[in-house]
Number of protein chains: 4
Amino acid sequence: MQRPDEKKRQLIVATAAKMFAARPFHKVRLDDIAAEAHLGKGTLYVYFDNKEDLYISLIYDGFERLVENLRRELSATAADGSLLPAAEALRRAVDALVGFAFAHPHLFEMMRNVGEIKRLHAGEWKAKRQEFMELIANTIRRGVENGELTDQNPEMTAACLGGMVRSIMLFGPRDLGEREVAAQVYRLIGHGIIKRPCGKPQ
Amino acid sequence: MQRPDEKKRQLIVATAAKMFAARPFHKVRLDDIAAEAHLGKGTLYVYFDNKEDLYISLIYDGFERLVENLRRELSATAADGSLLPAAEALRRAVDALVGFAFAHPHLFEMMRNVGEIKRLHAGEWKAKRQEFMELIANTIRRGVENGELTDQNPEMTAACLGGMVRSIMLFGPRDLGEREVAAQVYRLIGHGIIKRPCGKPQ
Amino acid sequence: MQRPDEKKRQLIVATAAKMFAARPFHKVRLDDIAAEAHLGKGTLYVYFDNKEDLYISLIYDGFERLVENLRRELSATAADGSLLPAAEALRRAVDALVGFAFAHPHLFEMMRNVGEIKRLHAGEWKAKRQEFMELIANTIRRGVENGELTDQNPEMTAACLGGMVRSIMLFGPRDLGEREVAAQVYRLIGHGIIKRPCGKPQ
Amino acid sequence: MQRPDEKKRQLIVATAAKMFAARPFHKVRLDDIAAEAHLGKGTLYVYFDNKEDLYISLIYDGFERLVENLRRELSATAADGSLLPAAEALRRAVDALVGFAFAHPHLFEMMRNVGEIKRLHAGEWKAKRQEFMELIANTIRRGVENGELTDQNPEMTAACLGGMVRSIMLFGPRDLGEREVAAQVYRLIGHGIIKRPCGKPQ
DNA sequence: CATGAATGAGGTTTCATTCAT
DNA sequence: TATGAATGAAACCTCATTCAT
């Protein structure tokens, strides 16, 4: 007797991620995923309810990992045990985000359809997205409180971050390196592009 | 692109936009669009080659209008006939972008899948997107040249803008007004969120 | 433009009847029905919701015709406009039943699963079956009232009739003629409930 | 037909009977039977070759028991060792039939598809059904020979019996008692074929 | 013997597209 | 031009059966 195998689930998810990233949902056939994973078609249905469930799980799993990465980075502490300066934390968040985008371009690309998912799995998804937003927004709020940062609407800023990275990946110049992208995003979010004459507050 | 009955074409486009915005491509049936538009299914094929053509045309048309909006705003001249200051031009670009997003949420939401389209209609699309990018990037470059702005990679910044707006619309706090969104985006892109002590260059 | 064609519906029904009679439900493929009827597979779905709907419709249509036959026979009147004697009416009912069984063996055979259908389309079916029962039971009751017949439970008797015919067709000796079957059923049912005056042998 | 664990085989048969009676063959999944019986799916295959074998065995076993019941009843002898009068034997047959129908409604209901089975296991089944028919038909013939009964076609009459009971159970009035059903069937069948001496009302 | 994860042939069903009217 | 009945390729999914454990 065999037991449901987490390894196999991972194999399916990874294979599916590759396929779904390369072509739109309705052009990906489960037959192909099964073949690519060297599994029987029915096996997919042992681990997932249906095509959509597989798709959603895929993205959700990825997003979950991303949130974990973020949490780890943002909860890092300095030598003395205190939290990192907000600006430093923000840089790490950007790095984590961009790093994830480069490490899992499939997943990142697919998160475009998050709007669709929200309709289907509102509950779980909303909670996880809330986590994501809170991690960043709270960091910004902390910075605002201790005078490091200034932001009239940390929530909006948090919401922006993902979109910035995604847009650059999709529409920006070709062949950008991870470093460059992270640096540019951090510059934009951090200082913007308008030269401010000294002493003139924003 | 003039067809027998431009009114009818518009009706189809508008109906389709509504449907495609509400559900993903593969869940929208031509039957549904035809029914919703009170037209025969075959009529759709008088005006569009196939489902994908309809979908692409939809987004392309929308994007085209957006680009025209942008061009109009960015080519505005001051009383003396000179171009607007770059910062002011940028503000107008952000306003145009956000205004469009609020005016055509369906279209804006659908542009999420622009990546998909790129694969299909690389040619036309690439040119149009190039226009979009150039409009913004050139404005930034102009500002950099005349000392108003500073940006190490105007192309990336240009690429960012759309994503920022979209992210805020999708993931940001509920019930945001057009003004608020435009203001926040402009603040972020313009000055960022890090308080800079006077005299300390970025 | 073509209009939904009642002729085509009949063609589908007739073809399906043949197939479903020859093999059990789960061994009949819609592919086969479509091929046999020289129609596209999808055409079946223009006229019926799904396989089960086709199956049910099939039997229901047949049963409906049977009930109409019965009604015609039982409402026949003598030369003077009065209803037929109950015994005569009963004979006609049996003839109609057996005639139908011989004319539409497919349908009659399939009505075996009426129990199944009841669960699915309780409403319509129940009403139609009620009609069937009432036609026979009322005839018997009329005979009882005017002294022709005697039956302690006309409803049960009515319920019996179909089963008798079906059993004979299925399990009785081979190569029975319509006449023989009708005669035997009538003898069984008839002499059980017809008061025979003394001395008059059956 | 003894298997490793006869108890377990019985459990499977009983569970399957319940399921097959409630829904048609193609809607009963072996998964469901296994789950309902708290057994592994594979275990079913230890005791039966395949789904159809299970189904057939089920009905065949039931029918076999019914035939045994009938044989016992019909071979009963009077105090003096002679066989029972034909009319009395017939009554017992009807009682046995109705009793079985009430005791095993699942099985009885399933025998609807006996026609189907005939095609599949013609051999064994034909023999067993022949036994059933002979038991009844011979009893009738005996009655005819000794003047108790009159029947032009005992085989047809025998074939009828099962159908009568089944029809009443399925389509007759609700909430009939075993007694009532048996009585009515006996009256119908009996008074049709029993010579009634003059002046003796039914 | 008992199990249930794995399988994949083959089923039902969908729906973009065609074309006769 | 406008229609929607007809089509059938191709998709998703089921589930009887197998077999490693």
Discussion item. At R0 = 56 Å, how high is the FRET efficiency between C:Ser75 and D:Ala78 if r is their beta carbon distance? Nearest 0.05 is fine.
Written reply: 0.65
Response to the item:
Only helices counted: for chain A, with every DSSP H run of 4 or more residues adding -39500 (n - 2.57) and the sum spread over all residues, [θ] at 222 nm is -22500 deg cm²/dmol
Worksheet item: Once both labels are modelled 7 Å past Cα along the beta-carbon direction, what's the C:Thr150-B:Lys18 spacing in nm?
Response: 7.4
Worksheet item: How far is it, in nm, from the label point at C:Glu68 to the one at D:Glu124 when both lie 7 Å from their Cα along the line to the Cβ?
Response: 4.5
Worksheet, complete the sentence: From most to least accessible, 1.4 Å probe, no ligand or DNA/RNA atoms counted, C:Glu155, B:Glu145 line up as B:Glu145, C:Glu155
Practice prompt. Set Lys and Arg Cβ to +1 and Asp and Glu Cβ to -1, take the dipole of the stretch C:52-193 about its Cα centre, and tell me which of C:His104, C:Val165, C:Leu58 lies farthest positive.
Written response: C:Val165
Worksheet item: What does the average come to when, for each residue of peptide D:148-157, you count the partner chain Cβ atoms lying within 10 Å of its Cβ?
Response: 5
Item to complete: First measure r as the distance between the Cβ atoms of C:Asn138 and C:Gln10, then evaluate 1/(1 + (r/R0)^6) with R0 = 41 Å and state the FRET efficiency to the nearest 0.05.
Response: 0.85
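What percent do you get for the relative contact order of chain C when only Cα pairs under 8 Å and 6+ apart count?
Rounded, it is 20 percent for chain C.
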Worksheet item: How many lysine pairs does chain D hold where the Cα atoms are under 24 Å apart and the two sit 8 or more places apart or on different chains?
Response: 21
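Determine how many Å³ per residue the convex hull of the Cα atoms of the stretch D:1-60 encloses.
On the way: hull volume 4.3 nm³, N = 60.
Convex hull of Cα atoms, per residue: 72 Å³.
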Worksheet, complete the sentence: Among A:Glu73, A:Glu124, A:Glu178, the residue with the largest mean-square fluctuation in a Gaussian network model of chain A built from Cα contacts under 10 Å is A:Glu124
Worksheet item: How many Å³ per residue does the convex hull of the Cα positions in chain D occupy?
Response: 149
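May I ask you to work out the translational diffusion coefficient for the protein assembly as shown at 25 °C, viscosity 0.890 mPa s, via Stokes-Einstein with Rh from the Kirkwood sum over Cα pairs, reported in whole µm²/s? Numbers along the way, then the final one.
Numbers: Rh = 33.8 Å.
In µm²/s, the coefficient is 73.
The values are calculated or read from the model by the stated rules, or taken from the named source; none is laboratory data. Since the model is a prediction, treat every value here as computed from it, not as a measurement. Note that we place each Cβ from the backbone using ideal geometry, even for glycine, and neighbour counts take in every protein chain shown. Calculation scope for accessible area: heavy atoms of the full protein, side chains included, ligands and nucleic acids excluded. Shrake-Rupley method; radii C 1.70, N 1.55, O 1.52, S 1.80 Å.
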